[in-house]
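Presented below is the structure to which this report refers.
The values are calculated or read from the model by the stated rules, or taken from the named source; none is laboratory data. Since the model is a prediction, treat every value here as computed from it, not as a measurement. Methodologically, a virtual Cβ is constructed for each residue, glycine included, from the backbone with ideal geometry; neighbour enumeration extends over all protein chains shown.
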Amino acid sequence: MLRKTGLSPVQILAVGFALIIVMGGFLLSLPLCSKNGESIPFINGLFTATSATCVTGLTIYDIFSQFNFLGQCIILLLIQIGGLGFMGIAMIFSFISGSRIGIFQRSILMESVGTPHMGGVVRLIRRMLLGSLLFESAGAVIIAVRFIPRIGAAQGIWYGIFHSVSAFCNAGFDLMGRWEPLSSLTGFQDDYLLQITVMILIVSGGIGFIVWNDIIDHRFHLRKYTLHSKIMLIFTALLIIAGTAAFLLIEGGRAFSHMDTGEKILASFFASVSPRTAGFNTVNYTDMSAAGRFLTMLLMFIGAGPGSTGGGVKVTTFVTLLLSIYSSARHYRDLNIFRRRLEDDASKKAFSTIALFSLSALVCSFFLMLDDPALTAESCLFESLSAIGTVGLTMGITPELGDFSKLCLMILMYGGRLGSVTLAMAIVRRKIIPKIRYPQEKITLG
């Protein structure tokens, strides 16, 4: 049936996500999803649905204050679909019904989870679904234990489920408006168990299902891991440690000055983990220094791993950029790491991804400033990077944005979830590559 559409696998993914977003936006705009029984503007419902499906977390409304239980359930469903991919969700029904999964469906799955190989993609999907269920269930139990004494059993269990799924899918949506609207986890700065649980869920969802597949197959035999998994695990750890040290140094005497030593370290860890596409925050970013916000933007830019629930340019892309710079400086022909050589066009793909990502964020920042001249350049760039990186952190300007700005951010969130290059491939028609090559001529670069 999918083959008869005449669309490529990439285009099917793009159209599928768009349809889910529109349906979600329509449902969230209905009066039956609002606590006050009144409908919200469709553009606002669409923005919320886009943010949820693209696992971003930017929101115009406080989720707890605006949406009733049905609305919250719809948002959670959109988050789960966005985190696992709608094809991953569709596979659940295929597994239950025992339907045969053909080559074309496998090619769509391959694009959906970001694996370079078609072989074993169905097994990867099974593990992805089971692993997600395991992590989200464990996280839900731990988080529920923290909230049941505060708000009762029924609400505590719901809080556990909602925040566990939101954290694992790197969405950043929360229901903390019960205590203070749009506060995220700022009221839980001293809650070690809650923050550590959320961070583990964020990292688990952010390293990617390809890495988890390697871990299951080879356990602790790191030498047997693929190069992709080695890069992801090592550089994820380095980014978290380096980010923690930097935040502790920069904000220890500023935004974290009112905390004791343990809370400062915890807040630094959280500030290092969450910007890499999760969107939760324990400190208001308006209280941070300019240096702290700049570091946050850098982490939002890098993002999580390919084939994960997170966004950004991806860790592997950033590492490829660093290797390209190093190889160019040393006049090496190849990009080598861990005694392996990257594919010849890896550098071109990395630079294309980073250039398109950066240009999109800059253009959107310009449009935000154009739409509302009162906004600062920093807050607009922060918001744009948060959108295209599917992060969800903000300097507090999201509820104040006009319709044009909301549309710009929706396009960024959509492109960030699909991948900027993937979206470009979906839009541009595939052309036959000509067999002739033009004469070569040098230009001056740098």
Name every residue in the range 1-34 that is over 19 Å from residue 415 (Cα atoms), at pLDDT 95 or above and surrounded by 13 or more Cβ atoms within 10 Å (Cβ to Cβ), in order of residue number.
26, 27, 28, 29, 30, 33, 34
Take residue 231 and tell me if it is assigned to a helix (DSSP H, G or I) and either in contact with a Phe, Trp or Tyr (Cβ under 6 Å, 6 or more places away or on another chain) or surrounded by 14 or more Cβ atoms within 10 Å (Cβ to Cβ) (or both).
yes
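When residues of the range 336-361 are filtered for being among the hydrophobic types (A, V, I, L, M, F, W, C), surrounded by 14 or more Cβ atoms within 10 Å (Cβ to Cβ) and in a helix (DSSP H, G or I), how many remain?
The qualifying residues number 7.
Listed residues 187, 177, 205; which is within 22 Å of residue 262 (Cβ to Cβ) and in a helix (DSSP H, G or I)?
187
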In the range 231-252, is there at least one residue being of a type in the set (Gly, Ala, Ser) and in contact with a Ser or Thr (Cβ under 7 Å, 6 or more places away or on another chain)?
yes
So which of 233, 238 ends up being modelled with pLDDT of 95 or more and within 20 Å of residue 298 (Cα to Cα)?
238
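Conditions tested, residue by residue: (1) free of Cβ contacts under 8 Å to residues at least 12 places away in the same chain; (2) surrounded by fewer than 19 Cβ atoms within 10 Å (Cβ to Cβ); (3) more than 23 Å from residue 358 (Cα to Cα).
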position	(1), (2), (3)
211	no, no, yes
220	yes, yes, yes
283	no, no, yes
316	no, no, no
Under 6 Å by Cβ, and 6 or more places apart or on different chains, what pairs join a residue from the range 10-32 that is more than 17 Å from residue 62 (Cα to Cα) with one that is hydroxyl-bearing (Ser, Thr, Tyr) and surrounded by fewer than 21 Cβ atoms within 10 Å (Cβ to Cβ)?
10/422
Check the range 260-269 and report whether any residue there is in contact with a Gly (Cβ under 8 Å, 6 or more places away or on another chain) and modelled with pLDDT of 95 or more.
yes
So, in the range 201-230, exactly how many residues are touching a Gly at 6+ places or on another chain (Cβ under 9 Å) and among the β-branched types (Val, Ile, Thr)?
5
In the set 175, 194, 124, 134, the lone residue that is without any contact (Cβ under 8 Å) to a residue 24 or more places away in the chain and either in contact with a helix residue (DSSP H, G or I) (Cβ under 6 Å, 6 or more places away or on another chain) or not small (Gly, Ala, Ser) (or both) is 134
Quick one: count up the residues across the range 368-399 that are over 20 Å from residue 295 (Cα atoms), surrounded by fewer than 17 Cβ atoms within 10 Å (Cβ to Cβ) and touching a helix residue (DSSP H, G or I) at 6+ places or on another chain (Cβ under 8 Å).
1
Within the range 236-255, which residues are outside any loop (DSSP other than H, G, I, E, B) and without any contact (Cβ under 8 Å) to a residue 40 or more places away in the chain?
237, 238, 240, 241, 242, 244, 245, 248, 249
Being crowded, with 19+ Cβ neighbours inside 10 Å, in contact (Cβ under 8 Å) with a residue 40 or more places away in the chain and assigned to a helix (DSSP H, G or I) is true for just one of 296, 309. Which residue is that?
296
